[in-house]
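J.: Let me begin by handing over the structure; questions about it come next.
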Amino acid sequence: MYYGLDALAHGAVAALVALLPALLLFWRITAPLAAGPRALRPFVTGCAAFGVVMAVAGTYALGFERSGFADEAMGGALIAGGAAILVAFLILLLLPRKA
């Protein structure tokens, strides 16, 4: 009866599970951008991690959810992933810079 809400929660969990590894990977990859403007490296890291998170959540939604509920799973991933990436961007923006 409430499988749509369950699919929404599944998508959000799939997005949050993929978030930390993607952030760590792209933070390491964008190390050469540290010499540029302060917000460039966190922004590029957040955008790239958001793309990976959506790809992982989409793969989960198409592979494991019922065929009619993949869009609800992606909706949950967009909401939770977007909010978490915003928080991660702000945290990365406030990290101290190395001299």
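The values are calculated or read from the model by the stated rules, or taken from the named source; none is laboratory data. Remember, predicted model here, so these are calculated numbers, not experimental data. No Cβ is skipped: glycine too gets one built from the backbone with ideal geometry, and neighbour counts run over all protein chains shown. Each accessible area value is taken on the protein alone, full model and side chains, heavy atoms only, with ligands, DNA and RNA left out. Shrake-Rupley method; radii C 1.70, N 1.55, O 1.52, S 1.80 Å.
J.: Report, in degrees rounded to the nearest 10, the 0 to 90 angle that the Cα long axis of helix 70-94 makes with the longest principal axis of the chain.
T.: 20 degrees
J.: Here's something else I'd like to know. For the chain, what does the accessible surface come to per residue with a 1.4 Å probe? Please give it in Å². Write down the numbers at each step before the final one.
T.: Working: 6140 Å² over 99 residues.
For the chain, the solvent-accessible area averages 62 Å² per residue.
J.: Quick one: Karplus J couplings for region 51-57, per residue in order, coefficients 6.51, -1.76, 1.60, θ = phi - 60°, nearest Hz, x for Gly and Pro?
T.: x, 5, 4, 5, 5, 5, 5
J.: Under the Karplus relation 6.51 cos²θ - 1.76 cosθ + 1.60, θ = phi - 60°, what is the ordered set of whole-Hz ³J(HN,Hα) values for region 28-33, x standing for Gly and Pro?
T.: Calculated HN-Hα couplings, in order: 5, 5, 8, 4, x, 7 Hz.
J.: Considering only protein heavy atoms and a 1.4 Å probe, what is the carbon-and-sulfur percentage of the accessible area of the chain?
T.: Working: 4690 of 6140 Å².
Here it works out to 76 percent.
J.: Right, here's the next one. For the chain, with the dipole built from +1 on Lys and Arg beta-carbon atoms and -1 on Asp and Glu ones, taken about the Cα centre, which of GLY76, LEU19, ALA57 lies farthest toward the positive end?
T.: Positive-end residue among those listed: LEU19.
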